[in-house]
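Read through the structure below, which is laid out as structure tokens, and then see the notes.
The values are calculated or read from the model by the stated rules, or taken from the named source; none is laboratory data. Every value quoted in this text rests on a predicted model; they were computed, and no experiment measured them. We place every Cβ from the backbone using ideal geometry, glycine too, and count neighbours over all the protein chains shown. Only protein heavy atoms, including side chains, enter the accessible area calculation; ligands, DNA and RNA are left aside. Shrake-Rupley method; radii C 1.70, N 1.55, O 1.52, S 1.80 Å.
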Amino acid sequence: MKVSINIVTYNAIKYLDDCLRSVFNQTYRDFKILVVDNGSQDGTVEHLRRDYPEVTVLQNFKNLGFCQGNNQAIKFWESEFVLLLNQDVILAPDWLEKIIAVADARPKLSSLSGKVLKINSSEAAAPGIRPEIIDTTGIFARQSRRFYDRGAGEEDKGQYQQTEEVFGLSGNLVLLRRAALEAVKIKNRRRGENLKFTAEADYYEYLDEDFFMYKDDVDLAWRLQSNGWSALYLPTAEAYHYRTGFGHAAGGNLITWRDRRRKSRFVNRLSFRNHWLLLAKNEYLGNFFRALPWILGYELKKIAYVLICEVGTTRSVGQFFALIPNVWHKRRQLKRLRKVDAKVMRQWFK
């Protein structure tokens, strides 16, 4: 088996048929599908077992989060490649064929994906109807350490038609090389202590489970880049995403405020906390001080907004400090894994 297709679901029954239909319609066929369900209450598991016997289902009885669910899936099979596929993404029929052809030709690529367009209904991705609004064309990084989906919210006018290396790729749809994942996996001391009486002496993570969900894809991209692996954006491989927590790559403070107001309080708290986890784990010290004016300006603006408009998010600050011992343990591991110096990493922050 070349590719394991991993779908982590949570109350996803309204999306699954479109998603799975697009997978089974792929022109490339050397794959298996694993669905990890995080305690859905909408009949997702029953639907899968009744109507999709060719899909392997791993059922959790509570929501373990996007990261732990995907780690379970990655460890389940020993495939050469792992495809992280959101439950609400639809693939064009030739998506896998195009992506795998490039991955096979370029062994130093850790991750690949294509142009993802935003949709609102299944009709929006019907044959002959092409969505026009971009969801993501890769992860972009500013000197302020603001990370966002490049092109998000823009009308697709062919402005992102160049195949190119990017900082990273959104976790809603990304093909990952297993060798790269193994090279940057990290030991979670906190989880390992919980497992000390089991047969598994150490607990390793591919996606950082302290994040639970959100910005874990940026964290993985940063680890892969610092370990010397590349990420590639392939515009001819198209997919379509029922995006709910949607943001815009470009726009002023008013647009940013409006985007945050559309998201749940839970998502905003995770996003705020996980951004600090990102910096604490991955930032090169020299690069941090070089970019300090931009970083401080961005953080102070965020803090002011939270104190005025989103006071409930402040509780995530305490969560961040509670995680510091584990973050520091992981940071020491990542420093040993670095193969790229600070100057090379700086090129990604623009």
Looking only at aspartates and glutamates whose Cα falls under 15 Å of residue 281's and that sit 8 or more positions away or on another chain, we get 205, 208, 209, 210, 216, 217, 219
Go ahead and run the numbers for FRET between residue 290 and residue 130, Cβ-Cβ distance against an R0 of 51 Å, rounding to 0.05. 0.75
Between the stretch 1-55 and the stretch 281-350, what is the separation of their alpha carbon centroids in Å? 35
Which residues qualify? For residue 83, with a placed amide H closer than 5 Å and at least 5 residues away or on another chain, they are 4, 5, 6, 176
Gaussian network model of the chain, Cα within-10 Å springs - most flexible of 73, 152, 304: 304
Assign one of three labels to the stretch 274-350, namely rounded, prolate or oblate, based on the Cα gyration tensor with a ≥ b ≥ c the square roots of its eigenvalues; rounded applies when a/c is under 1.5, prolate when it is not and a/b is larger than b/c, and oblate otherwise. oblate
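Relative contact order for the chain using alpha-carbon pairs under 8 Å, separation at least 6, rounded to a whole percent?
Computed over the chain, the figure is 19 percent.
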Accessible solvent surface per residue of the chain, calculated while the other protein chains remain in place, 1.4 angstrom probe, Å²: 45
Relative contact order in percent for the stretch 1-133 (Cα pairs under 8 Å, 6+ apart) equals 32
In straight Cα distance, which lysines are under 25 Å from residue 157, not counting same-chain residues fewer than 8 positions off? 98, 115, 118, 350
Just to be sure I follow the definition: excluding the sites themselves, where is the longest run in the chain that has none of the GluC sites (Glu not before Pro) in a DSSP loop with at most 15 other Cβ atoms within 10 Å? 201-350
Restricted to the stretch 30-170, the DSSP antiparallel beta bridge percent, nearest 5, is 60
Residues whose built amide H sits under 5 Å from the amide H of residue 114, excluding neighbours closer than 5 in sequence, are 234
Starting from the Cα of residue 187, step 7 Å along the direction of its Cβ; do the same at residue 105; then give the gap between the two resulting points in nm. 4.1
FRET E, pair residue 227, residue 346, Förster distance 25 Å, beta-carbon r, rounded to 0.05: 0.95
When a/c reaches 1.5 or more, the comparison of a/b and b/c decides; with that in mind, is the chain rounded, prolate or oblate per its Cα gyration tensor? rounded
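Could you tell me what percent of the DSSP beta bridges with both partners in the chain are antiparallel, to the nearest 5?
Antiparallel bridges make up about 45 percent of those DSSP assigns within the chain.
Give the relative contact order (percent, whole number) for the stretch 69-192; include only Cα pairs under 8 Å separated by 6+ residues.
The normalised contact order for the stretch 69-192 reaches 33 percent.
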